[in-house]
Amino acid sequence: MGARIGVIGAGQVGAAASYLLSSTPGVSDIVLVDVDPARAAGEAADIGHAAAFGTAARVQEGSYADLAGAAVVVITAGASLKPGQTRLELLQQNLRIVDHITEQVLRAAPGAILLFATNPVDVMPAIAVQRWGVAPGRAIGTGCTLDSIRFRDRLSHHLEVSPSSVHAYVLGEHGDSEVLLWSGAQVGGLPLLDFAQQSGRPIDTALQRTMAEDVRTAAYRIKAGKGVSNFGIGGCIARLVRAIVGDERSVFTVSTYLPELLGVQRTCVSLPHVIGRTGASTPYLPPLADDEATALRASAEVLAQTIAGGLQTLGEKG
């Protein structure tokens, strides 16, 4: 018997995630919840028909009560990022929505791991921890998991190797202050820049800047072209859920609440975590070059200030 997974939000991100989850090993039951039950029912039926071609996963529209027993609840509901808008600018629109959803989910499925994909994704886990008492390892933002894959994909194309052979991470905010960890990147056991040099495809400082900008602005370019970025984050959600329900103990750069990081108090940024059936481990802080440490501290400070402002906006629990 597989795991029950809840997905809150039947928009394009929730639908893409549900479709990919329907073929994810270890998932047997998906409950799609939305303020528009007709849309959720339509998406559930459509995804269920596709799933019937190859898997036995059951996909259904439901209410919060139907989340009882869920292993993971994925929260995608909220306003989408518009062209030219930053993720942090979405805060006021999405904060109250996600806070209300969190309350309802915890009533129905108090043992579920919460996986947040609503932007600003690094703020939402901190709200769950500080307002609702969720354990930090059970309130997880997708964070820089997708950014790390984009980084590896960009490097793999340049180096002409498989992305699975590239070990490279993006840390910090899932957004404009994110930090590409060049100093810790490796290919084939070699430091990335050494491998690039030996392979005849060197990566100089100018190219590093270009690649970093490509990774950082990927979502903006996608949204400018098609209006929404849904398949990349859908794949990210499905991969993280697979790691949880399969107790993989795989490492991903997700965001969790941190009482302190590099001198910054009460923040929530992406760092490497081990992901398994109990959620996310305590984070691991990799060795950082001086400029990377400075940039990560600045990213943590941006999010600490945003989280503090969000908590002030929400006020006391109703």
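Please state the equivalent ellipsoid semi-axes for the range 145-314: what are the square roots of 5 times the Cα gyration tensor eigenvalues, largest first, in whole Å? Don't jump to the answer; show the numbers that get you there.
Values: eigenvalues 132, 73, 65 Å².
Gyration-tensor ellipsoid for the range 145-314: 26, 19, 18 Å.
Cβ under 15 Å from Asp34's Cβ, Asp34 left aside: what net charge do those residues give with Lys, Arg +1 and Asp, Glu -1?
Working: positive: Arg39; negative: Asp36, Glu43, Asp46, Glu61, Asp66.
Result for the local shell: -4.
Got the relative contact order for the range 174-318 handy, in percent, Cα pairs under 8 Å and 6 or more residues apart?
Dividing the mean separation by the residue count of the range 174-318 yields 22 percent.
How much FRET efficiency would the formula 1/(1 + (r/R0)^6) give for Ser164 and Thr278, where r is the Cβ-Cβ distance and R0 is 30 Å, rounded to 0.05? Kindly include the intermediate steps, with their values, before the conclusion.
Details: r = 26 Å, r/R0 = 0.86.
That gives a FRET efficiency of 0.70.
What is the packing order of peptides 264-270, 67-73, taking the mean over residues of other C-beta atoms within 10 Å and listing the highest first?
Values: 264-270: 24.4, 67-73: 20.7.
With the highest mean Cβ count within 10 Å placed first, the list reads 264-270, 67-73.
Is it possible to state the helix-based mean residue ellipticity at 222 nm for the chain, with each DSSP H run of 4+ residues giving -39500 (n - 2.57), the sum divided by total residues, to the nearest 500 deg cm²/dmol? What is it?
Numbers: 10 runs with 135 residues, N = 318.
Calculated at 222 nm, the ellipticity per residue is -13500 deg cm²/dmol.
Find how many whole Å separate the alpha carbon centroid of the range 167-210 from the alpha carbon centroid of the range 115-157.
21
Taking the chain as a Gaussian network, where each spring joins two C-alpha atoms under 10 Å apart, which residue of Phe231, Phe151, Phe195 fluctuates the most?
Phe195
Counting Lys and Arg as +1 and Asp and Glu as -1, what is the net charge of the other residues whose Cβ lies under 13 Å from the Cβ of Glu301? Mind dumping the intermediate values first?
Values: positive: Arg266, Arg297; negative: Asp122, Glu173, Glu260.
Charge balance near Glu301 sits at -1.
To two decimal places, what compactness ratio does the range 3-141 give when its Cα radius of gyration is scaled by 2.2 N^0.38 Å?
Values: Rg = 14.4 Å, N = 139, 2.2 N^0.38 = 14.3 Å.
Normalised Cα radius of gyration, the range 3-141: 1.01.
Note down the relative contact order for the chain as a percent, whole number, built from C-alpha pairs under 8 angstrom at least six residues apart.
Numbers: 643 pairs, mean separation 58.7, N = 318.
This gives 18 percent for the chain.
Indicate, rounded to the nearest 5 percent, the antiparallel portion of the DSSP beta bridges found entirely in the range 93-232.
Details: 6 of 9 bridges.
Within the range 93-232, antiparallel bridges account for around 65 percent of the total.
State to the nearest 20 debye the size of the charge dipole of the chain about its Cα centre, where the only charges are +1 on K and R beta carbons and -1 on D and E beta carbons.
Values: 25 positive and 29 negative charges, 81 e Å.
With only Lys, Arg, Asp and Glu charged at Cβ, the dipole is about 380 debye.
Estimate the FRET efficiency between Asp153 and Leu285 by the formula 1/(1 + (r/R0)^6), using the beta-carbon distance for r and 25 Å for R0, to the nearest 0.05. All intermediate terms of the calculation are to be shown ahead of the outcome.
Numbers: r = 25 Å, r/R0 = 0.99.
The value I calculate is 0.50.
Compare Ala65, Ala298, Ala77 in a GNM of the chain, Cα atoms joined below 10 Å, and give the one with the largest fluctuation.
Ranking Ala65, Ala298, Ala77 by mean-square fluctuation puts Ala65 first.
Most mobile of Pro287, Pro120, Pro37 per a Gaussian network model of the chain (Cα springs, under 10 Å)?
Looking only at Pro287, Pro120, Pro37, the biggest GNM fluctuation is shown by Pro287.
Pick the calculated Kirkwood radius over Cα pairs in Å for this structure from (i) 21.7; (ii) 25.9; (iii) 19.8?
Read-out from the structure maps to (iii).
Using per-residue counts of other Cβ atoms within 10 Å, averaged over each peptide, order 157-169, 179-191, 205-217 from highest down.
Numbers: 157-169: 15.8, 179-191: 18.2, 205-217: 13.9.
Per-residue mean Cβ counts within 10 Å order the peptides as 179-191, 157-169, 205-217.
Which order do the peptides 138-144, 274-280 come out in when sorted by mean C-beta neighbours inside 10 angstrom, highest first?
Working: 138-144: 28.9, 274-280: 20.4.
Result, highest mean Cβ count within 10 Å first: 138-144, 274-280.
Note the full-extension length gain between Gln104 and Ala45 as 0.36 nm times their separation in residues minus their Cα-Cα distance, in nm to one decimal. Mind dumping the intermediate values first?
Details: separation 59, 0.36 × 59 = 21.24 nm, distance 2.41 nm.
Computed gain between Gln104 and Ala45 is 18.8 nm.
Every read-out reported here was derived from the displayed coordinates using simple, explicitly stated rules and does not represent laboratory data. Computed from a prediction, not measured in an experiment: that's the story for all the values here. Positions of Cβ are generated from backbone atoms using ideal geometry, with glycine treated the same way; all protein chains shown enter the neighbour counts.
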